[in-house]
Amino acid sequence: MALTMLAVSLLVFLALEVNGESVAVKVLGQFSTGDQRHLWLAQNGYFDPLPLRYGRWLWGFLQGRWGVSTYYHAEVRSLIAPRLAASAVLMAAALAVIVPLALALGVLAGIRQGSPVDRVVSVVAILTTSLPEFASAVFLSAIFVFGLGWAPGVSTLADGFSLRELALPVAVLALSSTGYIARITRASMVEAMASPYVRTARLKGAGPARIVLGHALRNALGAPVTVILLQIPWLLSGVIVVEVFFAYPGFGTLLYVASLNSDIYLIEACSMIGVIAVVSSQLLSDLINAALNPRLATERRAPPRRPVEALAP
Amino acid sequence: MQDGGPLHPGAVDLMGQVLRGDIGRRDFLRTAAWLGVSASSASAFLGLEGCASPPSVSGAKTLRFVCAVQQISDPATTAWIEASNLFRNSLEFLTEVDADNITHPYLAESWRPSDDLKTWRFELRRDVRWSNGEAFDVEDVAFNFKRWLNPASASVNRTSFSAVEAFETLGPYSFALHLRRPVCSLPEQLYAFTCPILNRRFEAQGADWPKHPIGTGPFTLTQFEVGRSARFRRRADYWGPPPKVEEIDYIDLGPDVATHVAALAAGQVDVLYRVTIAELDLVRRLPKVRLLRNQAAQTLVARMQVDKQPFDDIRIRRALLSAADNAAMLKFAYRGFGVVGENLHVAPFQPDYAPLEPAPRDVAKARRLLAEAGHPEGIDLTLTLGNTQGRWEQDTAQVLQQNCAEAGIRLRLNVIPPAEYWSVWNKTPFGLTYWSHRPLGVMLYDLAYRSGSVWNESRFADPEFDQALDAALAVLDPRMRQAKMARAEAILREQAVIVQPFWAEKFTAVSDRVIGHRAHPSDYFRMDRVGLA
């Protein structure tokens, strides 16, 4: 895991830092002179060998020296924390809607493959999943902001936390990812319902509730959990469209503004935060899967026992 | 009239002209204002009534204004009108040009040019105090002129006031400007957004205005967060009429105007900075929202750098002008809301516009010129643009691209983000630049086409043009100035420096609670006169 992060950090460094001249232009502005840039590059050690620069850059990042944003004229660190918190709020609200809804729909559809419920859920899921966020954001705000006047047009959270302002962004996010997770859940549920242990349970006379909740669901959750946790990094940095559309003061908007304005230190820090989010959510998903599936857990904890035959002389 | 002294001889002349009907009332008001006749005196001469008092406004309220909150350090070097709309609440100017392009006294109570327009005497108000309690006087004005005129100054003011030879302090509240050449539009230039009067200790305090937001204006900056918001609070000890709202909140909602309109529709904000042509139909349909319109000399200029290949060949430049279909660009990219441009960068509704012989589109001529220049098979060109004002810039460029294709010019569009465009706008060989409104054509020429001007993005340098411009600037009489402008306009078009397709109308939108807000052609808003019902 640490290796993944190291590799990605190297990529970020190579993409943004290798060309010192372009960094100097971004920091000092287009109107700086060649002399000023050269001086700045020398002062900041840009003429040292590449591995040394990378090591220094990574060490600085680990110590929290993330530089000063050229657009906001503020410490990058002080900018990122509130934005991450705002995105986390949006993410939590979105997950609170998406996860129960998607699991319930997926299970309902997956219990009896081919039933009318299954058909309806599948069609709706495909429809909503195929609708991109920028389109659903426009549709929803056309209906609820411009048409009915129920919802606020932007979600700046200027006066603190507001459920009303969160409603539309959450609805857009839910619309685009609930269907996907529901379909994944349905597929693993169908598989679980056809498995030998469910048949055994049914033969032993267990009720449908007990079969679904006690036997099938736990085994069917593996794939959906992985997918749900994959949504976390997406919700953190991939929701740029939704955040920008509703002027939500989150991490995605920050990354968007940073890229628009070539704000190099801010882009670097945001990318690294994104990497951390991806890797740690992967780790979390592995841990949850291990808890759901004891077989995976034992395989990891204890070394596999040698076959008994091998003990014979 | 305001200073009690005798009238400038030019003013007497003007009175005769307006009575005979030779010049319009607006021309009279405008020109009289330059000569130091106050707008109220001039209006009284015309028998115009003063402005009706606005409907009553409710008192303590916060006005919410959607506007980009950009970094400000030195207001004299700011490149963004949005940024100036923030500091315009706290910083004031010597003169004011209103939404009808008429100049009014502001920090300068009155002014008088000499008969040859080369010496201008200004009298300052005596009752103005800085927000830190200090008295405002000629020292502050002297400090600002010294900064602007400094040869090392990065401010565009250095160019716009290049005619100023010396600043002379005459007393604690009066000064004179001595000019190298006559300039009729000096008072109008003093309201350019880079000309706010800063406190004399601005540089001593670190030359970073938001850190020490001292001003003479009606509001004080109380909070400033780049990219988020800024807040201004009404000053109790302001010298002028008290502002109608207590607080103004500037909210940065990002670059997408559709998002701003959504916020206005939902009643989350009261005033939008601008609405583009794309949101026009939506805004018109919204209840409780008013669309504001105003004719403005704002335009897009596809300018070619005359010292860079291949544009150093005048035949290539002329081919582009011949191939461009300005009427089509207005019709398809701006839906006809505006006036067709004639590649002159002077608008027919500007008072110093001189009509020239029309130069109609001629695709065959464009092909011929290309062949003469050694490109019989056509030529590949790249136009850089940044959609700094919205998507219509790209739409315009796409129509131009099709126009050019007919003449064998293969135009590639290099679309870059808005902020990046402003870093390359005066460097790219062929760029599509937005130029905001100026009250007069001479002002645009002085900024954009005079040799060596800081904002001369085309690197156009023509002594003959400079002379013609100087001649136009020396004439007070609007009709006589037109004759001089005809020369300058003809040279610019002859040299084929720009394709200037159309003059775009200006739109903005406010909630119906807002009273007293007008679309200003330059987007120079005075928020102390705006109230909430």
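The numbers here are math on the coordinates, done by the rules we state, and not lab data. Keep in mind the model is a prediction, meaning the values are calculated, not measured. Positions of Cβ are generated from backbone atoms using ideal geometry, with glycine treated the same way; all protein chains shown enter the neighbour counts.
Results, tabulated for the structure shown:
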{"item": "Antiparallel bridges, percent of DSSP beta bridges restricted to the stretch B:349-482 (to nearest 5)", "result": "0"}
{"item": "Residue A:75 paired with residue A:195, simple spin-label distance in nm, labels 7 Å along Cα-to-beta-carbon", "result": "5.1"}
{"item": "Cross-link partners of residue B:61 among lysines (Cα-Cα below 20 Å; sequence separation of 8 or more within a chain)", "result": "B:244, B:288"}
{"item": "Peptide B:250-259, shielding by other chains (average Cβ, 10 Å cutoff)", "result": "5"}
{"item": "Number of partner chain Cβ atoms within 10 Å, mean per residue of A:241-249", "result": "4"}
{"item": "For A:69-75, mean number of other protein chain Cβ atoms within 10 Å", "result": "3"}
{"item": "For residue B:341, residues with placed amide H under 5 Å, excluding near neighbours", "result": "B:502, B:503"}
{"item": "Taking the convex hull of Cα positions in the protein assembly as shown, its mean projected area over all directions (nm²)", "result": "47.3"}
{"item": "By average C-beta atoms within 10 angstrom, highest first, the peptides B:73-86, B:123-136, A:92-105", "result": "B:73-86, A:92-105, B:123-136"}
{"item": "Kyte-Doolittle mean at least 0.0, axial Cα span of 15 Å or more - DSSP H helices of chain A", "result": "A:2-16, A:50-62, A:76-111, A:116-130, A:163-193, A:222-237, A:264-292"}
{"item": "Greater than 27 Å apart at Cα, pairs in B:484/B:506; B:331/B:365; B:365/B:506; B:331/B:427; B:118/B:484; B:118/B:506", "result": "B:484/B:506; B:365/B:506; B:331/B:427; B:118/B:506"}
{"item": "Peptides A:116-129, A:50-63 ordered by average Cβ neighbours within 10 Å, highest first", "result": "A:116-129, A:50-63"}
{"item": "Charged-residue dipole, Cβ positions (Lys, Arg, Asp, Glu), the stretch B:416-515 about Cα centre, Debye nearest 20", "result": "160"}
{"item": "Cα centroid separation, the stretch A:235-287 to the stretch B:391-446 (Å)", "result": "33"}
{"item": "Gyration tensor (alpha-carbon) shape descriptor, chain A, a/c threshold 1.5", "result": "oblate"}
{"item": "Global geometry of the stretch A:73-177, whether rounded, prolate or oblate, following the gyration tensor of its Cα atoms and the 1.5 cut on a/c", "result": "prolate"}
{"item": "Protection proxy ranking of A:135-141, B:263-269, B:205-211 - average other beta-carbon atoms within 10 Å, highest first", "result": "B:263-269, A:135-141, B:205-211"}
{"item": "Gyration tensor (Cα) of the stretch B:291-431, equivalent ellipsoid semi-axes in angstrom", "result": "24, 19, 14"}
